[in-house]
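K.L.:
Just passing along the structure, written as structure tokens.
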Amino acid sequence: MHHSSAKHAAMAAQLVVEEGLEYGPAKRRAAKMLGTRGRTALPGNDELEAAVRDYIAVFCAHTQPAELLALRRLAQIWMQRLTEFRPHLSGAVWQGTATRRSDIYLQLFCDDSKAAEIALIDQGVKYQARSVNGFRGEPVPTLSLHVFCTDFQEEVGVHLMIHDHDDVRGALKPGANGRAARGDVHALQRLLAGELA
């Protein structure tokens, strides 16, 4: 890894862990802070994930496991609430790099894109509708909530990304690193039970 790329990844990793930024914004802000924006290539996501894991090991090893557990338990509650939409957990909470600053990302696979929204309305849940890039890079409708986490005594962001029902097949393909990029509630339960790494 080139020195400037490693420095960029390390700074972006700090922003991910300490401020809860997603990878793209963290890389761009790190480039701006280092004065390299537009002059050098941004580090890849695998490089940044390795830097995040290194940062956690050095600075958060005593707090991060409990914070990750709390977020995974909260994700499980919401996955069970939304079971009819085939929820899959992704992002830092799934990958194991989440801290209390991280949001929870659930990908829902629906026959009707409005069904999840109607379910939230029926449950009296307030949300904000927006659009984010999906796992293939295309914009997907997203419902963002603020959910109280009893372990943290504060609210956590939960984002419900709405995909077409048939997209679940492509979503289950392993990433470039060979690991699953997301998992259903049963996979999450195995993580919580310590059966998966």
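The values are calculated or read from the model by the stated rules, or taken from the named source; none is laboratory data. Since this is a predicted model, take the numbers as computed values, not measurements. Cβ placement follows ideal geometry from the backbone for every residue including glycine, while neighbour counts extend to all protein chains displayed. Accessible surface is based on the protein model in full, side chains and every heavy atom, while ligands, DNA and RNA are left aside. Shrake-Rupley method; radii C 1.70, N 1.55, O 1.52, S 1.80 Å.
K.L.:
Could you pull out every one of the aspartates and glutamates with an alpha carbon less than 20 Å from that of Lys32, ignoring same-chain neighbours closer than 8 positions?
P.N.:
By straight Cα distance, Lys32 reaches Glu18, Glu19, Glu22, Glu47, Glu49.
K.L.:
Relative contact order (percent) for the chain, with alpha-carbon contacts under 8 angstrom and 6 or more residues of separation?
P.N.:
Reported as a whole number, the value is 19 percent.
K.L.:
I've got another one for you. With all protein chains present and a 1.4 Å probe, how do Thr97, Thr40 order by accessible area, largest first?
P.N.:
Listed by decreasing accessible area, they come as Thr40, Thr97.
K.L.:
Determine ³J(HN,Hα), in whole Hz, for all residues of the stretch 132-139 in sequence, where each value follows from phi through the Karplus function 6.51 cos²θ - 1.76 cosθ + 1.60 and θ = phi - 60°; x replaces Gly and Pro.
P.N.:
9, 6, x, 6, 9, x, 8, x
K.L.:
Next question, about the same structure. Could you tell me the accessible area of Arg29 in Å² (1.4 Å probe, neighbours in place), rounded to the nearest ten?
P.N.:
Solvent-accessible area, nearest 10 Å²: 90 Å².
K.L.:
Roughly how many percent of the accessible protein surface of the stretch 23-79 is carbon and sulfur, given a 1.4 Å probe and a whole-percent answer?
P.N.:
Carbon with sulfur: 57 percent of the solvent-accessible area.
K.L.:
Further question: Which value, in debye to the nearest 20, gives the size of the charge dipole of the stretch 43-197 about its Cα centre, when Lys and Arg are +1 and Asp and Glu are -1 at the Cβ?
P.N.:
It works out to roughly 200 debye.
K.L.:
Also, quick follow-up: Mind running the shape call on the stretch 93-150? Use the C-alpha gyration tensor, a ≥ b ≥ c as the square roots of the eigenvalues: rounded below 1.5 for a/c, prolate if a/b tops b/c, oblate otherwise.
P.N.:
oblate
K.L.:
Right, next: Could you work out the helix-only [θ] at 222 nm for the chain, with each DSSP H run of four or more residues adding -39,500 (n - 2.57) and the total divided by the number of residues, to the nearest 500 deg cm²/dmol?
P.N.:
Value at 222 nm, helices only, nearest 500: -13500 deg cm²/dmol.
K.L.:
Same structure, new question: To the nearest 10 Å², what's Tyr55's accessible area with a 1.4 Å probe?
P.N.:
Only protein atoms counted, so the area is about 30 Å².
K.L.:
So if each residue of separation counts as 0.36 nm, and I subtract the Cα-Cα distance between Arg136 and Asp166, what length gain in nm does that give?
P.N.:
Once the chain is fully extended between Arg136 and Asp166, it gains 9.4 nm.
K.L.:
A further question on this structure: Once fully extended, how much extra length lies between Ser144 and Thr40, figured as 0.36 nm per residue of separation less the alpha-carbon to alpha-carbon distance?
P.N.:
34.1 nm
K.L.:
Same structure, new question: So I have [x] 8, 33, 34, 16, 7, 1; [y] 8, 31, 31, 17, 8, 4, 2, 0; [z] 9, 34, 37, 18, 3, 0, and one of them is P(r) over Cα pairs in 10 Å bins from 0, in percent calculated from this model. Which one is it?
P.N.:
Recomputing P(r) over Cα pairs in 10 Å bins from 0, in percent here gives the entry labelled [z].
K.L.:
So, taking all protein chains as they sit and a 1.4 Å probe, how much accessible area belongs to Arg101, in Å² rounded to tens?
P.N.:
120 Å²
K.L.:
What ranking of Asp112, Asp54, Asp167 comes out by heavy-atom accessible area, probe 1.4 Å, highest first?
P.N.:
Putting Asp112, Asp54, Asp167 in descending order of accessible area: Asp54, Asp112, Asp167.
K.L.:
A further question follows. Just grab the label-to-label distance for Phe152 and Asp112, each label 7 Å out from Cα along the Cβ direction, in nm (one decimal).
P.N.:
For Phe152 paired with Asp112, the spin-label model returns 3.3 nm.
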